[in-house]
Amino acid sequence: MKLIRLRAPRGLDRLELTEEDRPEPRPGEVLVRIRASSLNFHDVMVALGKIPCADGRVPMTDGAGEVIAVGDGVDAFRVGDPVVSTFYPDWLDGEATPAAKRVIPGETVDGYAREYACMPARAFTKAPAGYTHVEAATLTCAGVTAWRGLVVRGRVKPGDTVLILGTGGVSLFALQLAKAAGARVIATSSSEEKLEKLQRLGADEVVNYRATPDWGQKAKDLTDGRGVDHVMEVGGPGTLAQSIAACRTGGHIALIGVLTGFVAEVAIPALFSNQIRISGISIGSRADQEDMIRAITANRLKPVIDRCFPLREIAMAFAYYESQKHFGKVCLEL
């Protein structure tokens, strides 16, 4: 089978295409023919060596394909089932624990930049009916993150206003989930072309954050001064102050990303005086993924795919992702 191994000292030039024997499932495992994977910020951090991993690690946390063999004791899947991986194979339900988050494909164990993967059956869920493998591969990280931030933690409801930042996978999933819930969406980007695409996707209002540096106040103005109910905060230090400014009293910020860095100065009085609730979101559980799949199936939601690359061009896929030219998900097809 073909696969990618990330060699020390890591970097996009250290992603090595190789061939190895196909594994066979042990008791409790399934053998999946991986057909697609999708890129996330986490994968970039691993590839660049900013998140440590073992020499020779197979990267990529997202994987989708079909079951081709099952080990003894597996009754949740049958040969031929289309499946999608979970980000934390050991976080099955409820709140996370350190033990539940210890195993991460593509980081602490081999991920899905490979044609075949043997993993415990709990490491997969069934894919949504009617999804291609590429579409299913977008759900593991970006889809579940948006779901947990907006639905599980945010408890979004009809009539709420949701502010999304940028046009990455999490933000676009959040836009679609918010509209399915009957919420109003305000979206930001620095590109007029992307703002037009956001409107076509369902955004009710758009704000160019480059043309309007005080975009948090602008978002608040678009709610007649009340403020937004939810912010899907993917930027981190460089955007958090504006997200706080956008919120209504008692509003919710789903703190998801660190695209602008890791350390921020926060005006504490702005948080407690406005009773703003901040939820740290680190993907979600297997149960969250299954709930999300039922919701997207019922609402016929489809992920936004920007571009696909073959496995051998994984370095090019990462470079394209880092260029920030994409609108939606960047994927690998195997």
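The values are calculated or read from the model by the stated rules, or taken from the named source; none is laboratory data. This is a predicted model, so every value here is computed, not measured. Glycine also receives a Cβ, built like all others from the backbone with ideal geometry; neighbour counts cover every protein chain displayed. Side chains included, ligands, DNA and RNA excluded: accessible areas come from the protein's heavy atoms. Shrake-Rupley method; radii C 1.70, N 1.55, O 1.52, S 1.80 Å.
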Note to self: So, in the range 33-78, exactly how many residues are aromatic (Phe, Trp, Tyr) and farther than 27 Å from Lys325 by Cβ?
What the structure shows: 1
Notebook entry, point to check: Restricting attention to the range 200-214, which residues are touching a residue at least 12 places away in the same chain (Cβ under 8 Å) and either in contact with a Cys (Cβ under 6 Å, 6 or more places away or on another chain) or assigned to a helix (DSSP H, G or I) (or both)?
Noted result: Leu201
Next item on the list: List every residue pair whose Cβ atoms lie under 6 Å apart, where the two residues are 6 or more positions apart in sequence or sit on different chains, the first residue falls within the range 320-334 and is within 19 Å of Ala36 (Cα to Cα), and the second residue, located anywhere, is polar (S, T, N, Q) and part of a strand (DSSP E or B).
Entry: Lys329/Ser38; Cys331/Ser38; Leu332/Ser37
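This table checks each residue for (1) crowded, with 19+ Cβ neighbours inside 10 Å; (2) out of contact with any helix residue (DSSP H, G or I) (no Cβ under 6 Å at 6 or more places or on another chain); (3) of a type in the set (Asp, Glu); (4) within 30 Å of Arg307 (Cα to Cα).
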{"site": "Leu163", "(1), (2), (3), (4)": "yes, no, no, yes"}
{"site": "Gly168", "(1), (2), (3), (4)": "yes, yes, no, yes"}
{"site": "Val207", "(1), (2), (3), (4)": "yes, no, no, yes"}
{"site": "Asp221", "(1), (2), (3), (4)": "no, yes, yes, no"}
{"site": "Asp224", "(1), (2), (3), (4)": "no, yes, yes, no"}
{"site": "Gln242", "(1), (2), (3), (4)": "yes, no, no, no"}
{"site": "Ala254", "(1), (2), (3), (4)": "yes, no, no, yes"}
Next item on the list: Considering only the range 215-334, give the helices (runs of 4 or more DSSP H) lying wholly within it that have at least 1 residues that are hydroxyl-bearing (Ser, Thr, Tyr).
Entry: 240-246, 268-273, 286-299, 314-322
Notebook entry, point to check: Can Glu115 be described as open to solvent by 10 Å² or more (accessible area, probe 1.4 Å), of a type outside the set (S, T, N, Q), over 21 Å from the mean Cα position of the chain (by Cα) and within 26 Å of Val330 (Cβ to Cβ)?
Noted result: yes
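In the range 174-199, which residues are among the charged types (D, E, K, R) and either open to solvent by less than 30 Å² (accessible area, probe 1.4 Å) or touching a residue at least 60 places away in the same chain (Cβ under 8 Å) (or both)? Break it down stepwise before answering.
Let us first name the residues in the range 174-199 that are among the charged types (D, E, K, R), namely 179, 184, 192-194, 196-197.
Across the range 174-199, the qualifying residues are Lys194, Lys197.
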Note to self: Looking at Thr260 and the list (1) modelled with pLDDT of 90 or more; (2) open to solvent by 70 Å² or more (accessible area, probe 1.4 Å); (3) within 26 Å of Glu192 (Cβ to Cβ), which single condition is not satisfied?
What the structure shows: (1)
Item checked: Among residues of the range 78-88, those that are under 20 Å from Gly130 (Cβ atoms) and either open to solvent by less than 10 Å² (accessible area, probe 1.4 Å) or in contact with a His (Cβ under 8 Å, 6 or more places away or on another chain) (or both), counted -> 4
Checklist line | Per-region count, the range 121-170, residues β-branched (Val, Ile, Thr) and assigned to a loop (DSSP other than H, G, I, E, B) | finding: 4
Item checked: In the range 44-70, the residues that are open to solvent by less than 10 Å² (accessible area, probe 1.4 Å) and in a loop (DSSP other than H, G, I, E, B) -> Gly56, Val58, Pro59, Met60, Thr61, Asp62, Gly63
Margin query: Any residue at all in the range 147-160 that's of a type outside the set (A, V, I, L, M, F, W, C), at pLDDT 95 or above, within 16 Å of the chain's Cα centre (by Cα) and crowded, with 24+ Cβ neighbours inside 10 Å?
Written below: yes
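In the range 209-219, how many residues are open to solvent by less than 10 Å² (accessible area, probe 1.4 Å) and more than 11 Å from Ile164 (Cβ to Cβ)? Give the derivation first.
Step one: list which residues in the range 209-219 are open to solvent by less than 10 Å² (accessible area, probe 1.4 Å), which gives 216, 219.
If we keep only those that are more than 11 Å from Ile164 (Cβ to Cβ) as well, we get 216.
Within the range 209-219, residues that are open to solvent by less than 10 Å² (accessible area, probe 1.4 Å) and more than 11 Å from Ile164 (Cβ to Cβ) number 1.
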Item checked: Scan of the range 293-334 for residues that are surrounded by fewer than 16 Cβ atoms within 10 Å (Cβ to Cβ), of a type outside the set (Gly, Ala, Ser) and over 25 Å from Arg5 (Cα atoms), ordered by number -> Arg294, Thr297, Asn299, Arg300, Lys302, Lys325
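Provide a single number: the residues in the range 99-115 that are outside any loop (DSSP other than H, G, I, E, B) and more than 9 Å from Ile4 (Cα to Cα).
First, the residues of the range 99-115 that are outside any loop (DSSP other than H, G, I, E, B): 105, 109, 114.
When the remaining residues are screened for being more than 9 Å from Ile4 (Cα to Cα), the result is 105, 109.
Total satisfying the criteria: 2.
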Note to self: Just checking, does the range 132-139 include any residue being within 19 Å of Ile296 (Cα to Cα), touching a helix residue (DSSP H, G or I) at 6+ places or on another chain (Cβ under 8 Å), crowded, with 24+ Cβ neighbours inside 10 Å and not charged (D, E, K, R)?
What the structure shows: yes
Item checked: Selection count where residues are more than 22 Å from the chain's Cα centre (by Cα) and modelled with pLDDT under 95, scope the range 215-241 -> 1
